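S.K.: What follows is a structure written as structure tokens; I'll ask about it next.
The values are calculated or read from the model by the stated rules, or taken from the named source; none is laboratory data. Keep in mind that what you see is a predicted model, and the values were worked out from it rather than measured. Here Cβ is always computed from backbone atoms with ideal geometry, including for glycine, and neighbour counts include all displayed protein chains. SASA here: full protein model, heavy atoms, side chains in, ligands and nucleic acids out. Shrake-Rupley method; radii C 1.70, N 1.55, O 1.52, S 1.80 Å.
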Amino acid sequence: MNKDFLTYQAQTTPHPLGLEVSSAKGSYIYTTDGKAHLDFVAGVSACSLGHSHPKIVKAIKEQSEKYLHVMVYGEYAQSPAVNYTKLLSEKVDIPNAKTYLVNSGTEAIEGALKLARRYTGRQEIIAAHRAYHGNTMGSLSLMDFEERKKPFEPLLPEISFLNFNDETSLDTITKKTAAVILETIQGGAGFIQPKDDFLKKVKQRCEEVGALLILDEIQPGFGRTGKLFAYEHFGIIPDILVIGKGMAGGLPVGAFVASEKLMDSLSDNPKMGHITTFGGNPLIAASALATLEEITSTSLIEETLEKEKLFKTLLVHPLIEEVRGKGLMLAAIVSSEEIANQVILEAKDNELILFWLLFEKRAVRITPPLTISKEEIEKGCKIILAILDKIYKN
Ligand SMILES: Cc1ncc(COP(=O)(O)O)c(C=O)c1O
């Protein structure tokens, strides 16, 4: 299968990991050679309830027997999307929240940017250095990474950058600013948490100048950090919340959420300010509803914090400088980029799935399903420590 994968499927890198997948269940991915790989990555934080969670599979099956796609987003009332957005509006802190459902995280970012420009009538967007918001032209414009951006320019104009956690850069937010967009916890940068009320200060500055605060919770959202949404840790509420990844238990999805007053500006003057064919697709919405119900009706979110403690207790080694992050959004920061590469690749040979972060090259990504058991955590950490021991002794 790998030969055909390389021949016919467009590639993102010249050296894909290339596991040949046959099935996946719970915390394991099974490959065609019969091996069971313990998954510490969860489809890069997307499979929050593990692989093929029975409640998700049931919701998809039941919906598939009723109807699939029937109309473009926003024209017909379809119970999966209606029930989902209703439940979500009870769970987010944004007053009178309305949710616009789309197909991916990056598309949700595009929608949020359009909403901010449309609502404020301003153009400038401020993002953070070392942020990642996706790969379409608008989202890519928010990434301060010349090497990745340059070949695709010109991108969006009127984008500037501030330093995450640096209060002195708040002056860049002015009356010209439509929105500041931040990841609540910076992912690609190395799972960096906001310090010293930084987010509160950004929000305050935005309010002073009439700019909106967009928080990208595509990765930390849906329980991964020990709260349903990570902004709850930091005492603020965004004007626009962007979500995706773990939202639909492993199906492609994204959404942006804002108050009715803001959101309604996207459907008028011009009408159809944002449109999509498949946004709110009934299968995906049914899966998102099952995911949200499961996450909010069990103790999974609180358990995330206990599992964080377990990881931090177990992953102690002279080659690990720190285990950074919150809940199950963790990264082991090892002594060098080479060691991180070695750990990730050797873990693969030992049937443990780990991955990289975009900007922090010394990071070993640990973002397992929220449903991972303590025994599975112990088993995976043992593999990591054994690899590190081998490297340390050489
Ligand atoms: C914080 C953040 N924003 C946006 C995105 C883009 O989401 P998607 O890949 O679904 O377009 C990602 C994906 O990794 C992300 O982690």
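S.K.: In square nanometres, what is the average projected area of the Cα convex hull of segment 269-394?
M.R.: 11.2
S.K.: What ³J(HN,Hα) values, in whole Hz, does the Karplus curve 6.51 cos²θ - 1.76 cosθ + 1.60 give for segment 52-62 when θ = phi - 60°, with x put for Gly and Pro?
M.R.: Whole-Hz 3J(HN,Hα) from phi for segment 52-62: 6, 4, x, 6, 6, 4, 4, 4, 5, 4, 4.
S.K.: Hey, another quick one. Measure nothing fancy, just the Cα-based angle from helix 337-349's long axis to the longest principal axis of the chain, in degrees from 0 to 90, nearest 10.
M.R.: Helix 337-349 and the main axis of the chain meet at about 70 degrees.
S.K.: If the cut-off is 17 Å between C-alpha atoms, which aspartates and glutamates fall inside it for Lys245, apart from same-chain ones fewer than 8 positions away?
M.R.: Excluding near neighbours in sequence, the set is Asp39, Glu107, Glu110, Glu183, Asp216, Glu217, Glu293, Glu294.
S.K.: Another question, then. Could you give the length gained on full extension between Leu6 and Glu232, defined as 0.36 nm per residue of separation minus the Cα-Cα distance, in nm?
M.R.: Taking Leu6 through Glu232 to full extension adds about 77.1 nm, to one decimal.
S.K.: Hey, got the Cα dimensions of the chain along the principal axes, in Å, largest first?
M.R.: 63, 55, 44
S.K.: Here's another thing I want to ask about it. So what is the relative contact order of the chain, in percent, for Cα pairs below 8 Å that sit 6 or more residues apart?
M.R.: It comes to 22 percent, rounded to a whole number.
S.K.: Now for a different question. For segment 66-183, just the Cα set please: Rg and Dmax, both in angstrom.
M.R.: 17.0, 55
S.K.: Okay, moving on. I want the antiparallel fraction of DSSP beta bridges within segment 100-227, as a percent rounded to 5.
M.R.: So the antiparallel bridges in segment 100-227 amount to around 10 percent.
S.K.: Net charge near Glu360, counting Lys/Arg +1 and Asp/Glu -1 over other residues with Cβ under 10 Å of its Cβ?
M.R.: In short, +4.
S.K.: Ignoring ligands, DNA and RNA, what percent of the accessible area of segment 84-160 is carbon or sulfur (1.4 Å)?
M.R.: Heavy-atom surface of segment 84-160 belonging to carbon and sulfur, 1.4 Å probe: 51 percent.
S.K.: Let me ask something else about it. If you wrap a convex hull around the Cα atoms of segment 190-294, how much volume per residue is inside, in Å³?
M.R.: 128
S.K.: Moving to a separate point now. Of all the C-alpha pairs in segment 112-170, what % are more than 14 Å from each other?
M.R.: For segment 112-170, the share of Cα pairs beyond 14 Å comes to 55 percent.
S.K.: Can you give me the pair-distance distribution of segment 1-102, C-alpha pairs, 10 Å bins, whole percents?
M.R.: Per 10 Å bin, starting at 0, the Cα pair percentages come out as 11, 26, 31, 24, 7, 0.
S.K.: Could you work out the Rg to Rh ratio of segment 204-253, with Rh taken as the Kirkwood radius (inverse of the mean 1/r over all Cα pairs)?
M.R.: Looking at segment 204-253, the ratio lands at 1.05.
S.K.: FRET efficiency for Val44 and Leu156, Cβ-Cβ distance as r, R0 = 30 Å, nearest 0.05?
M.R.: The formula returns an efficiency of 0.75 here.
S.K.: Could you give the accessible area per residue of segment 241-383, probe 1.4 Å, as a whole number in Å²?
M.R.: 39
S.K.: Here is a follow-up. Take every DSSP beta bridge with both residues inside the chain and express the antiparallel ones as a percent of the total, to the nearest 5.
M.R.: 65
S.K.: Further, regarding this structure: Hey, could you get me the Stokes-Einstein D for segment 285-331, Kirkwood radius over alpha-carbon pairs, 4 °C and 1.567 mPa s, rounded to whole µm² s⁻¹?
M.R.: Answer, rounded: 105 µm²/s.
S.K.: Rounding to the nearest 10 and keeping the result within 0 to 90°, find how far the Cα-based axis of helix 105-120 lies from the longest principal axis of the chain.
M.R.: On a 0 to 90 degree scale, this one is about 20.
S.K.: If you don't mind, another one. From the mean inverse distance of alpha carbon pairs (Kirkwood) and the Cα radius of gyration, derive Rg over Rh for segment 145-245.
M.R.: With Rg and the Kirkwood Rh in hand, the quotient comes to 0.97.
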